[in-house]
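As structure tokens, the structure follows; a few thoughts come after it.
The values are calculated or read from the model by the stated rules, or taken from the named source; none is laboratory data. All values reported here derive from a predicted model rather than from experimental measurement. Heads up, the Cβs are rebuilt from the backbone with ideal geometry, glycines too, and the neighbour counts pull from every protein chain shown. These area figures cover heavy atoms from the full protein model, side chains too; ligands, DNA and RNA do not enter into them. Shrake-Rupley method; radii C 1.70, N 1.55, O 1.52, S 1.80 Å.
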Amino acid sequence: MDHFPIFLDLRERPCLVVGGGRVAARKARRLQQAGARVHLLTPHLTPSLAEAVAQGLFEHQSGRFHPGALEGMTLVIAATDDETVNRAVYEAARQRGILVNVADRPALCSFIMPAVVDRSPLIVAIGTGGAAPVLARALRARLEVLLPRNLGNLAQLAGTWRDRVAQALPEPGQRRRFWEALLEGLWQPGMNRQPRHEDFSRVLDTWGTGSGAEGEVAFMPCPRDEPEHLTIQALRLLQQADVILHDPDTPGPVMDYARREAELIPAGHCNDLNGTPHSPTLPIMMRHVRDGARVVRIGRTDPRDPFASERATLGQLGIRAFPVPGVSGPVGSITQAMAS
């Protein structure tokens, strides 16, 4: 990871844009949309920028760049067609410890401006470290189609419920699973129904009865090569799992999709436990499931009937255990979903 992804609070913060052309106008508007106080430093303005200055959206200082213009600025963007000016902005900002971005010059940037999908307060940012901005924009176009407009309303409504949910469900794991269950029910790609307070209340009341706290085990085959061959369902379960039992040779890129807080247990390390003859991992699954955990068992297995004997044993014990198509067939992979 060449750049650390971070969201900056620029509300009422002074930011400088050096330049007055179309690129500078685009950068200035993005800063203004984030609530920044935008200062323009340039001898000339485009008509649209001049109108924005007249409307009070930006402050304008006519003239060429000088290091003193950086005084008090939170960040600076250089967007001129003069390489000497751009490099001077970069050097002066770096010397003063000010974040700097030079348009279309990754080597002269301490931060990169990503492609953005705006569903405020939900923001999705896509970056390629400046290597392939066209690719980032293409991916943004795909996500614009996939992510419905009402996601911002859903995020805003969820924020109003955070305190109530925290009081009703004091255990962090309970809260996480509540939110996952809620969002899975309220939002699916292509759905445009507006979320309501009643939806939150209904799920929270159900969760308070304990019906949502039962553990389960999902069994899935592991793709032998690329993680993009994982199905969307398999990806979702990996990102929701509390515990993941995996073959030691499970490819690292596949495990990268796991939820960061999940407990990862290599199945080959379970042989010293007193397990059943056909699976030393069963006691581990049972222990975690009885604690209410969601377990994923992933590894080399028959993709048509993954871990059949383990599923049968857990089923006889009354534990919910189900197969998941971990590897995509004709349709259903992550890559295919994005390309469709």
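Each residue of region 319-324 was assigned a 3J(HN,Hα) from its phi angle through the Karplus expression (A = 6.51, B = -1.76, C = 1.60, θ = phi - 60°), giving 9, 5, 9, 9, x, 10 Hz with x at Gly and Pro. What the Cβ-Cβ distance of ALA107 and THR160 gives, at R0 = 45 Å and to the nearest 0.05, is a FRET efficiency of 0.55.
Between ARG320 and ASP305, the modelled label-to-label distance comes to 2.4 nm, taking each label 7 Å out from Cα in the direction of the beta carbon. Annotation: amide H of GLU214 has no partner in the under-5 Å range at sequence separation 5 or more or interchain, hydrogens built in the peptide plane.
What FRET efficiency would be calculated for the residue pair THR206, ALA312, taking the C-beta separation as r and a Förster radius of 25 Å, to the nearest 0.05?
0.25
Close amide H pairs (under 5 Å, H built 1.01 Å from N) link ALA78 with VAL18, ASN101, VAL102, ALA103, residues at least 5 positions away or on another chain. Computed over protein heavy atoms with a 1.4 Å probe, the carbon and sulfur contribution to the accessible area of the chain reaches 53%. One Cα centroid belongs to region 46-114, the other to region 227-249; the line between them spans 44 Å. Think of it as helices only: each DSSP H run of n ≥ 4 in the chain is worth -39500 (n - 2.57), and spread over all residues that comes to -11500 deg cm²/dmol at 222 nm. Rolling a 1.4 Å probe over the heavy atoms of the protein chains gives region 57-123 an accessible area of 52 Å² per residue. Each peptide among 81-87, 239-245 gets the average number of other Cβ atoms lying within 10 Å of its residues, and from highest to lowest they stand as 239-245, 81-87. Using R0 = 51 Å, the C-beta based FRET efficiency linking ARG224 and ARG64 works out to 0.30.
Residues whose amide H comes within less than 5 Å of that of PHE58, counting only those at least five positions distant or on another chain, are VAL53 (H built at 1.01 Å from N in the peptide plane).
Can you bin region 109-164 into rounded, prolate or oblate? Criterion: square roots of the alpha carbon gyration tensor eigenvalues sorted a ≥ b ≥ c, rounded for a/c under 1.5, prolate for a/b above b/c, oblate for the rest. Oblate, because a/c is 1.5 or more while a/b does not exceed b/c.
Backbone phi angles across region 69-84, fed through the Karplus curve with coefficients 6.51, -1.76 and 1.60 (θ = phi - 60°), yield HN-Hα couplings of 5, 7, 4, x, 7, 7, 8, 9, 10, 9, 9, 10, 9, 10, 4, 5 Hz in residue order; Gly and Pro are listed as x.
Go through ALA54, THR84, MET73 and say which Cα lies farthest out towards the positive end of the charge dipole of the chain; charges sit on Cβ, +1 for Lys and Arg, -1 for Asp and Glu. Positive-most Cα among the choices belongs to ALA54. For the chain, the dipole from Cβ point charges (+1 on Lys and Arg, -1 on Asp and Glu) about the Cα centre works out to 780 debye, to the nearest 20. In plain terms, if you count all Cα to Cα distances in the chain and split them into 10 Å steps from zero, the share in each step is 5, 19, 23, 21, 17, 10, 5, 1, 0 percent.
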